[in-house]
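A short reminder: the numbers here are calculations on the coordinates, not readings from a lab. None of the values given here were measured: they were computed from a predicted structure. Neighbour counts are summed over all protein chains in view; Cβ atoms, including those assigned to glycine, are modelled from backbone coordinates with ideal geometry.
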Amino acid sequence: MKHLVSPEVEAYAQAHSRPESSVCRALREETQRTMEYAQMVVGPLEGAFLKMMTQLVGVKRVLEIGMFTGYSALCFAEALPADGTVVTCDIDEESAAVARRYISQAPFGSKISIRMGPALDTMSTLSGPFDVVFIDADKLNYVNYYRRALDLLAPNGVI
C-alpha cells in the first residue's frame, strides 16, 4: 500500500496527538485481526482528529454515514459532552455485531444509536440539526449523502 505521509511525519503526529482509548485500541486490533476489509477502520490519528474537532466545534449531535466496526463512532462519543449523541448508519450486520460489543463495553457507549439499513432511507427519517455529519460509506452515494446532509446540518455544522 502506498503511503501518503512519510513514516517520520506519522510517528511525530502520533507522539503529539491525543492517545487512543483502551476500548478503541482493542476494537482496532480486533478489526485488523478478524475483518476482511480491515483497512477501512479509522486509525488512531484520524480518531484523535475527530475527537479534537468534536471538542473544538462544541459538537452535541453527530450523524455518521458508514460505521464499519464502530471506531469513529466511539471516538465521537468519547469526545461529546454527557448529553451528546451519535447516530450511526450501516448495512453490514457482521461489522455491526463487532461494533455493538465494543459500544456496550465503553463507558460512553450509551451516546451511540446504531441504525441498520440503507443510509439514505435512515437519513430520510431523521430531523436535524446535526453539528457534524461524517460521511464514510459507499462512495457511489457520497453526493446523495451530502445533499441530504445539508438539510440536516446545523447552521454552523461541519460535513
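Grab the other residues whose beta carbon is less than 13 angstrom from that of residue 110, score K and R as +1, D and E as -1, and report the net.
On the way: positive: 100, 111; negative: 78, 83.
Taking every Cβ under 13 Å from that of residue 110, the sum is 0.
Using Cα pairs closer than 8 Å and at least 6 residues apart in sequence, work out the relative contact order for the chain, in percent. The partial results should precede the final answer.
On the way: 241 pairs, mean separation 32.2, N = 159.
Relative contact order of the chain: 20 percent.
Measure nothing but the geometry: give the 0 to 90° angle between the long axis through the Cα atoms of 22-34 and the longest principal axis through the Cα atoms of the chain, rounded to 10°.
80 degrees
In the stretch 1-45, which trypsin sites (Lys or Arg not before Pro) are in a loop and have at most 14 other Cβ atoms within 10 Å, using DSSP for the loop call? Walk me through the numbers before you get to the answer.
On the way: sites: 2, 25, 28, 33; in loops: 2.
For trypsin sites (Lys or Arg not before Pro) across the stretch 1-45 that sit outside H, G, I, E and B with at most 14 neighbouring Cβ atoms in 10 Å, the list reads 2.
With all pairs of different alpha carbon atoms counted, what Kirkwood hydrodynamic radius in Å does the chain show?
On the way: mean 1/r = 0.0627 Å⁻¹.
Averaging 1/r across every pair of different Cα atoms and inverting gives 16.0 Å.
Under 23 Å between alpha carbons: how many lysine pairs meet that in the chain, if sequence neighbours fewer than 8 apart on the same chain are excluded? It would help to have the intermediate numbers written out before the result.
On the way: 2/139; 51/60; 51/111; 60/111.
Taking the Cα cut-off of 23 Å, the pair count is 4.
Would you calculate a helix-derived [θ] at 222 nm for the chain, using -39,500 (n - 2.57) for each DSSP H run of n ≥ 4 and dividing by the full residue count, to the nearest 500? Write down the numbers at each step before the final one.
Working: 7 runs with 76 residues, N = 159.
After summing the helix terms and dividing by residue count, I get -14500 deg cm²/dmol.
Using the Cα centre of the stretch 46-154 as the reference point, and only Cβ charges (+1 on K/R, -1 on D/E), how large is the resulting charge dipole? Debye, rounded to the nearest 20. Can you show the working numbers first?
Values: 10 positive and 13 negative charges, 51 e Å.
Result for the stretch 46-154 is approximately 240 debye, rounded to the nearest 20.
Taking the mean number of other Cβ atoms within 10 Å as a proxy for protection, how do you rank 110-119, 13-22 from highest to lowest?
The packing order, highest mean first, is 110-119, 13-22.
Please report, largest first and rounded to whole Å, the three semi-axes of the ellipsoid equivalent to the stretch 106-159, where each semi-axis is the square root of five times an eigenvalue of the C-alpha gyration tensor.
Details: eigenvalues 70, 47, 24 Å².
Each semi-axis is the square root of five times an eigenvalue, giving 19, 15, 11 Å.
So what's the convex hull volume per residue for the Cα atoms of the stretch 1-85, in Å³? Provide the component values of the computation, followed by the final result.
Details: hull volume 9.5 nm³, N = 85.
Measuring per residue, one finds 112 Å³ for the Cα hull of the stretch 1-85.
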